[in-house]
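*Asks:* Please read through the structure below; I'll follow up with questions.
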Ligand code: KIV
């Protein structure tokens, strides 16, 4: 097995100009597949709210849900760095609460946590507690109500605000930072200005790495998003397989002698 990936090794990849490959996972099966693919970082994203639990956004996701899914993913990841998202409400109210919720995710198996925005005191306190933190700026989905929808952020003069946010988060000691749904030119400017690796999603090709949602890039459903390339068509393969199973049960072709005892 190739060497275990750690937060310091992700940080060091920027110095060697090595792209960081990141993907989400939510359960044992997706975790095993992501780890076996050679991804450097597996994120138990709070996107599990939309992707797995059927919520309209990440806002309803709870600590209990993140802990539950982190435990499952932990059992499937051995090489990649395992990062868990801190859900909405788990770090905003106080620094003490942020630290204890980060600790709960680490006890469930995470090796680092991710949180959205410029909560620099919380980031510093979590890092001081010995837990690496991944930042997240740009279109931060937990603030969707403030943005008025899931749309590209940082166009025009607003770009300067996001640039300053990124520098502030970098200075607070994160080992990497997600840049979500911002213009590629802004992502390039941030990437050049910060020490930590930038991990883009809908932020163009100049970031130090990329992250994508497992179900999106593997084509589990019919949603088409501009920042997503589908590298497989798993949804239609599953539908075809299940249809064939149903046909064979109905016409008596399955099971045969070879499947019987
Ligand atoms: O929740 C998530 O999946 C994420 C990534 C896509 C960055 O935050």
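Each reported figure results from applying straightforward, stated rules to the coordinates on display, with no laboratory input. Because the structure is predicted, anything quoted here is derived from the model rather than measured. For neighbour counting, all protein chains shown are included, and Cβ atoms are generated from backbone atoms with ideal geometry for every residue, glycine included.
*Asks:* Based on the mean of other beta carbon atoms within 10 Å per residue, what is the order of 14-20, 188-194, most packed first?
*Replies:* Per-residue Cβ counts within 10 Å, averaged per peptide and sorted highest first, yield 188-194, 14-20.
*Asks:* For region 8-109, taking Cα atoms only, what is the radius of gyration to one decimal and the Dmax to the nearest whole Å?
*Replies:* 14.0, 40
*Asks:* Explain nothing, just the number: relative contact order of region 83-209, from Cα pairs under 8 Å at least 6 residues apart, as a whole percent. The partial results should precede the final answer.
*Replies:* Working: 239 pairs, mean separation 25.1, N = 127.
Relative contact order here is 20 percent.
*Asks:* While we're on this one: Given the convex hull of the Cα atoms of region 51-116, what is a quarter of its surface area in nm²? Spell out each step's value before the answer.
*Replies:* Details: hull surface 18.0 nm².
Its average projected convex-hull area is 4.5 nm².
*Asks:* Continuing with the same structure: Compare 197, 60, 141 in a GNM of the chain, Cα atoms joined below 10 Å, and give the one with the largest fluctuation.
*Replies:* Highest fluctuation among the options: 60.
*Asks:* Plugging the Kirkwood radius over Cα pairs into Stokes-Einstein for region 99-173, at a temperature of 10 °C and a viscosity of 1.306 mPa s, what D comes out in µm²/s? Mind dumping the intermediate values first?
*Replies:* On the way: Rh = 13.3 Å.
The Stokes-Einstein estimate is 119 µm²/s.
*Asks:* Kindly state, to the nearest 0.05, the FRET efficiency for residue 120 paired with residue 64, given R0 = 30 Å and r defined as their beta-carbon distance.
*Replies:* Numbers: r = 27 Å, r/R0 = 0.90.
For R0 = 30 Å, the calculated efficiency reads 0.65.
*Asks:* Considering all projection directions equally, how large on average is the shadow of the alpha-carbon convex hull of the chain, in square nanometres?
*Replies:* Values: hull surface 64.8 nm².
Approximately 16.2 nm², given one-decimal rounding.
*Asks:* Here is a further query. If I stretch the segment between residue 251 and residue 17 completely, what's the gain in nm (0.36 nm per residue apart, minus their alpha carbon distance), one decimal? Walk me through the numbers on the way to the answer.
*Replies:* Details: separation 234, 0.36 × 234 = 84.24 nm, distance 5.70 nm.
Contour length minus the Cα-Cα distance gives 78.5 nm.
*Asks:* Given the Cα-Cα distance of residue 261 and residue 192 and 0.36 nm per residue of separation, how much length would full extension add, in nm?
*Replies:* On the way: separation 69, 0.36 × 69 = 24.84 nm, distance 6.37 nm.
Result for the pair: 18.5 nm of gain on full extension.
*Asks:* Roughly how many nanometres apart are two label points built 7 Å out from the Cα toward the Cβ at residue 242 and residue 222?
*Replies:* 1.5
*Asks:* Take the Cα atoms of region 165-261, build their convex hull, and give its volume per residue in Å³. Kindly include the intermediate steps, with their values, before the conclusion.
*Replies:* Values: hull volume 13.8 nm³, N = 97.
About 143 Å³ per residue, rounded to a whole number.
*Asks:* Still on this structure: Helix-derived [θ] at 222 nm for the chain: sum -39500 (n - 2.57) over DSSP H runs of at least 4, divide by residue count, nearest 500?
*Replies:* Details: 11 runs with 105 residues, N = 261.
So the calculated ellipticity at 222 nm is -11500 deg cm²/dmol.
*Asks:* Right, next: If r is the Cβ-Cβ distance from residue 103 to residue 6 and R0 is 30 Å, what FRET efficiency results, to the nearest 0.05? Present the calculation step by step, with values, prior to reporting the outcome.
*Replies:* Working: r = 19 Å, r/R0 = 0.62.
Taking R0 as 30 Å, the efficiency between residue 103 and residue 6 is 0.95.
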